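**Q** Take a look at the following structure, please.
The values are calculated or read from the model by the stated rules, or taken from the named source; none is laboratory data. These numbers come from a predicted model, not from an experiment. Virtual Cβ from ideal backbone geometry, glycine too; neighbours counted across all protein chains shown. Heads up: the accessible areas ignore ligands, DNA and RNA and are worked out on the full protein's heavy atoms, side chains in. Shrake-Rupley method; radii C 1.70, N 1.55, O 1.52, S 1.80 Å.
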Amino acid sequence: MASKRSSNDNDRYVQPNKQRGGWDVVKELHKQASAHTETKEEAISRARQIIKNQGGGELKIKNARGQLIESNTIKAG
């Protein structure tokens with residue numbers, strides 16, 4: 001029996017970009033951002049679109065210090 005993974009390949013994090021400023025949408029365990037925006041709100045909106053288009057998953061939002069503050073399930077579009 002296969003082990004159940006705690007994350008989905010469609011999951012995305014919204015997190016601050018300390019080098020460039022602004023906010024990134026990042027797939028878990030990946031270094032390159034799926035998207036970069038000026039504001040957290042824009043990043044959350046873009047992450048929702050990406051997750052919805054990929055078939056649904058979790059949106060995990062970090063605060064400006066990089067701490068996880070919220071997680072939302074996004075359904076497929």
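**Q** Quick one: which residues, 5 or more positions from Asn8 or on another chain, have an amide H under 5 Å from its amide H? H modelled 1.01 Å from N in the peptide plane, none for Pro or chain starts.
**A** Distant-sequence amide H within range of Asn8: Glu58.
**Q** Right, next: Each residue of region 66-72 in order: what ³J(HN,Hα) in whole Hz does its phi give by Karplus 6.51 cos²θ - 1.76 cosθ + 1.60, θ = phi - 60°, with x for Gly and Pro?
**A** Values per residue, Gly and Pro as x: x, 8, 5, 10, 7, 9, 10 Hz.
**Q** Which ³J(HN,Hα) values, rounded to whole Hz and listed in residue order, are derived for region 20-36 from phi using the Karplus coefficients 6.51, -1.76 and 1.60 in 6.51 cos²θ - 1.76 cosθ + 1.60 with θ = phi - 60°, glycine and proline given as x?
**A** These are the phi-based 3J(HN,Hα) values: 9, x, x, 10, 10, 9, 10, 6, 4, 6, 10, 8, 7, 6, 6, 7, 10 Hz.
**Q** Beyond 19 Å, what share of the Cα-Cα pairs of the chain is found? Please give it as a whole percent.
**A** Numbers: 876 of 2926 pairs.
Value for the chain: 30 percent of Cα pairs lie more than 19 Å apart.
**Q** Do any GluC sites (Glu not before Pro) in region 18-77 lie in a loop, going by DSSP, with at most 13 other beta-carbon atoms within 10 Å of their beta carbon, and if so which?
**A** Here the sparse-neighbourhood loop sites are Glu38.
**Q** Any idea how far apart Lys75 and Glu28 come out in nm if each label point goes 7 Å out from Cα toward Cβ?
**A** Computed distance between label sites Lys75 and Glu28 equals 2.2 nm.
**Q** With every protein chain left in place, what is the accessible area per residue of the chain in square angstrom, probe 1.4 Å?
**A** Accessible area per residue, the chain: 70 Å².
**Q** Further, regarding this structure: On a 0 to 90° scale, report how tilted helix 40-53 is relative to the longest principal axis of the chain, with both axes built from alpha carbons and the result rounded to the nearest 10.
**A** Long axis of 40-53 versus the principal axis of the chain: about 30 degrees.
**Q** Keeping to pairs on different chains or 8 or more places apart, tell me how many lysine pairs in the chain have Cα atoms under 23 Å apart.
**A** The number of close lysine pairs in the chain is 27.
**Q** Only loop residues by DSSP count here, and only those with at most 15 other Cβ atoms within 10 Å; note down the trypsin sites (Lys or Arg not before Pro) in the chain that meet that. Provide the component values of the computation, followed by the final result.
**A** Details: sites: Lys4, Arg5, Arg12, Lys18, Arg20, Lys27, Lys31, Lys40, Arg46, Arg48, Lys52, Lys60, Lys62, Arg65, Lys75; in loops: Lys4, Arg5, Lys18, Arg20, Lys31, Arg65, Lys75.
Of the trypsin sites (Lys or Arg not before Pro), the ones in loops of the chain whose Cβ has at most 15 other Cβ atoms within 10 Å are Lys4, Arg5, Lys18, Arg20, Lys31, Arg65, Lys75.
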